[in-house]
Amino acid sequence: MQTLRASKCGLSTALLPASILDVIDALTKAGYVAYIVGGGVRDLMLGQNPKDFDAVTNATPLQIKEVFGRRCRIIGRRFELAHVYSGRELIEVATFRAPPKKEVTSSAGMILRDNNWGTIEQDFIRRDFSINTLYYQPRKDIILDFCNAVDDVQSKTLRLLGDPQTRFEEDPVRMLRALRFAAKLNFSIDKNILKVFTPELTHLLSDVSPHRLYDESQKLFTSGHLNRVLPMLIQFDVWKQLFAEAKPKITLFIERVAKNTDQRISIGKTINPAFFYAVLLWEIFLERCNFYLSKGVVPAEARAQAGLDVLKRQATRTIIPRFAETFIREVWEMQTRLLNPKPQQIEALSGHARFRAGFDFLLLREKSGDETTMGMGAWWDAYQLMSVDEKERVIGQYNRQRTRSRRQTQSVDVSEVKTPHQQTEIEPLVNEPEPRSRRTRKVKPHLDERVLEKGTSQSGEIHADHPILKRKRVKRDLTQVIFGPTQ
């Protein structure tokens, strides 16, 4: 172990938020040892802005609870942790861990229980990657380095502590973390890891809880380097373990959305990780829709059932929360509504809660070369920037164009239907011109050679003395007539 001066490594208390210093000071004042550890220290040394900070101490979770009271909440069963709230910030505080006295593992070697407390030296051995083993005490301005981790940070090398095969078997999620760190930090993966990172080993991910895999997938999507990590998921055969039916292929649509997601994160905009799930499962959703449509199911019901099928299948890999599933299905449903909106509903549709997500999805489809959008992505993009008068004028133009297209479609359908002359020639039963008025369309009285009405001849002609011609028309008083639907 070596003790380094933190200031020489580019660290200082001025770079730390007040929340992490509050936690460290409170634990130290209570008589415990506390350090900042993990990605926060690593990112500061690399000159990056850490997203959060984690603390580690020799106090047990119950003792941490005594120090912070209601500000602390103990979570976890496999790894028991304390979540401490400092203002609006959440700091994760862990206790030094020792090797388990009696290992509780699965048949594949994954650790199922790990709540054995120990010393800082034992805690260092239990950590996964060397770059995450730097212990920083800000008030003493020191860094404890147990395995030359500073050298790995400077050389940008991702190295596992101990035997990589064993460490991956203990916790298969470390494979996902390895790819995420390599993509996020632009580090090279140690050759000892590459030797054991095989398709056979990735099958261990099937033993991990689908809830935990969903959390890890969110970290992949929100790392800010999604476009770089996606090819690695295919290269190391991890894609099939995360996505049930999504084909291991990066389409133009997926690539464009990945780049757009990274750009939004880089400028500080928020993203919804469920949006990328909607993109990944889009083609599978369309295939399922076509399946139900071919069975004669109504389009609205086909889309609803297809969404349920796809998300239920995905739950065998990563269980998406209910609110995220609802978001995904609404984004898919918005595609149909945005492609062919009714003119009188356009303004209301632009104020829909899922309009922005659905519009972004549609526009990215269009920019990636999807011709089925029919240019509606650009239409909606321009519509949002118009004034009220311009919107009314554009809606009128859209309505006329929609009516014109509908008429053209109907004329094409009529022209495709064969006329009776194009089919088998059939001789008409009665050579009689088509009646021009509704009055003449009334059915004539049945003619019988034995009984003829007064005023008719054998040929059926009506003479002037026919009763129907002698009937006087009585003008009705329309003020007494009730207009409306009949029962």
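The values are calculated or read from the model by the stated rules, or taken from the named source; none is laboratory data. Please read these numbers as outputs of a predicted model, since none were measured by experiment. In this analysis, Cβ positions are derived from the backbone assuming ideal geometry, glycine residues included, and neighbour counts consider all displayed protein chains.
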Residues that are among the basic types (Lys, Arg) and more than 13 Å from the chain's Cα centre (by Cα): find the helices (runs of 4 or more DSSP H) completely inside the stretch 212-281 holding 1 or more of those. 226-235, 239-242, 252-266
Residues of the stretch 37-60 that turn out to be in contact (Cβ under 8 Å) with a residue 40 or more places away in the chain and farther than 19 Å from ILE142 by Cα, as a count: 2
Quick one: count up the residues across the stretch 1-29 that are under 40 Å from the mean Cα position of the chain (by Cα), loosely packed, with under 15 Cβ neighbours inside 10 Å and not aliphatic (A, V, I, L, M). 3
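Yes/no per residue for (1) surrounded by 11 or more Cβ atoms within 10 Å (Cβ to Cβ); (2) not assigned by TED's automatic domain parsing to the domain that holds LEU280:
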residue: THR318; (1), (2): yes, no
residue: VAL331; (1), (2): yes, yes
residue: MET334; (1), (2): yes, yes
residue: ARG337; (1), (2): yes, yes
residue: LYS342; (1), (2): yes, yes
residue: GLY351; (1), (2): no, yes
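Give the residue, chosen from ALA324, ALA302, ALA357, that is under 27 Å from GLU216 (Cβ atoms), without any contact (Cβ under 8 Å) to a residue 60 or more places away in the chain and in contact with a Phe, Trp or Tyr (Cβ under 8 Å, 6 or more places away or on another chain). Walk me through it before giving the result.
Numbers: ALA302 fails: under 27 Å from GLU216 (Cβ atoms); ALA357 fails: without any contact (Cβ under 8 Å) to a residue 60 or more places away in the chain.
Step by step, each of ALA324, ALA302, ALA357 is checked, and only ALA324 is under 27 Å from GLU216 (Cβ atoms), without any contact (Cβ under 8 Å) to a residue 60 or more places away in the chain and in contact with a Phe, Trp or Tyr (Cβ under 8 Å, 6 or more places away or on another chain).
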Do we have any residue at all in the stretch 36-50 that's basic (Lys, Arg) and within 30 Å of SER155 (Cα to Cα)? yes
Cβ-Cβ below 8 Å, separation at least six or inter-chain, first residue in the stretch 188-208 and among the small types (Gly, Ala, Ser), second outside any helix (DSSP H, G or I): which pairs? SER188/LYS156; SER188/THR157; SER188/LEU158
Identify, please: which residue in the stretch 348-362 is out of contact with any helix residue (DSSP H, G or I) (no Cβ under 9 Å at 6 or more places or on another chain) and in a helix (DSSP H, G or I) and is, among those, farthest from TYR277 (Cα to Cα)? ALA348
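Residues LEU144, LEU176: which one is crowded, with 19+ Cβ neighbours inside 10 Å, among the hydrophobic types (A, V, I, L, M, F, W, C), at pLDDT 85 or above and outside any strand (DSSP E or B)? Full working, then the answer.
Values: LEU144 fails: outside any strand (DSSP E or B).
When all the criteria are applied, what remains is LEU176.
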